[in-house]
Structures are given as C-alpha cells and as structure tokens.
Amino acid sequence: MTGKIILALTATACLLSCAAPELKVQCAATIPAACPLESFPPAMGGPKSTAYQIAFEAFWWNCVMVKAANVDDRCPFRCGTTPCESQGCVEGAKDAAYQIKNLLKYYPRPQVQQYLQSLSSTGDAKKKIKPYFQDTPRADQPH
C-alpha cells in the first residue's frame, strides 16, 4: 500500500512539474549597467535607448522570423562596432533561439512554426529588425 501511495505522489509531482510551458516567447532585454542611454533617431528605436537594446531586439525578432520560415535555420548573432552593441546582438539571437528550442521540446514543430509565423507577421517584428536587416529577416549562412 505504501508503494502505491509513493508512486501516486511521484506521478502527481511529475504532472505538476513536467507540464508543458505556455506556447509563448518573449523579447525582454535586460540592459547591462555598462550600456548607457543614448539618443537615436525614431527609426532606430530612439529617442532614448541603448545600442544594446536596439541590437538585442533586432536580433531577437530576426531569429523569430528566421525560425518561422525554417526552425532548423541558424540565427545570426554577429554585429556591431561597440561592445554593448555586439553583446546585444549575441544575447538577443541566443535568447530567441533558446526560447524556441525549449518550445520544441514540448510542442510539435508545425505548431511552433505556425506560432512564430503569427508573431513574424506583426508590424512590431518588422519595425524591430529594420536597423540591422531592413525589411527582410536573414539566417546565418554556413561557413
């Protein structure tokens, strides 16, 4: 009897902790303290923003759009002339790729891809990639 109770409690705990996360990705840049606020034109995300934030958001949204077209494509993560900008590119692309990879552990590829396509079709996605990718998302090219 005790064994059945332990098994039931273990199964219940797994159901609570092993449940799939919500089908959702979120662009949330945490701006490093070393990256100061700067003035940028509106097309770049200004008036007050950071090179890190603009790069993070552009590369995050680019990755979502790239994976919406083909979840197996790699997201580019190199850019920039300043340390903050370069860090934003790397962290934005890697954050989106990580969140998408995590969703693929729980949801079928077509469902994840359809969700990413719905995000990619928003005006916000196209606006955010513009500083680095114009209007066209770009996958990383193999070397």
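The values are calculated or read from the model by the stated rules, or taken from the named source; none is laboratory data. Nothing here was measured: the structure is a model prediction, and the numbers come from that model. Note that we place each Cβ from the backbone using ideal geometry, even for glycine, and neighbour counts take in every protein chain shown.
Within this structure, V90 passes the test of being in contact with a Phe, Trp or Tyr (Cβ under 6 Å, 6 or more places away or on another chain), among the β-branched types (V, I, T) and at pLDDT 95 or above. For the range 114-143, a residue qualifies if it is among the polar types (S, T, N, Q) and modelled with pLDDT of 90 or more, and the qualifying residues are Q114, Q117, S118, S120, S121, T122, T136. Scan the range 60-95 for residues that are hydrophobic (A, V, I, L, M, F, W, C) and closer than 19 Å to T50 by Cα and the total you get is 8.
Restricted to the range 91-106, and to residues there that are of a type outside the set (S, T, Y) and surrounded by fewer than 17 Cβ atoms within 10 Å (Cβ to Cβ), the residue that is farthest from the chain's Cα centre (by Cα) is K105.
Considering only the range 46-105, state which residues are free of Cβ contacts under 8 Å to residues at least 24 places away in the same chain and within 23 Å of S118 (Cα to Cα). Within the range 46-105, D72, K94, Y98, K101, K105 meet the criteria. Against the criterion of being farther than 25 Å from L37 by Cβ, outside any helix (DSSP H, G or I) and of a type in the set (S, T, Y), T136 qualifies. Hey, could you check the range 127-140 for residues that are free of Cβ contacts under 8 Å to residues at least 60 places away in the same chain and at negative phi and say which is surrounded by the most Cβ atoms within 10 Å (Cβ to Cβ)? Restricting to residues being free of Cβ contacts under 8 Å to residues at least 60 places away in the same chain and at negative phi, the top hit is K127.
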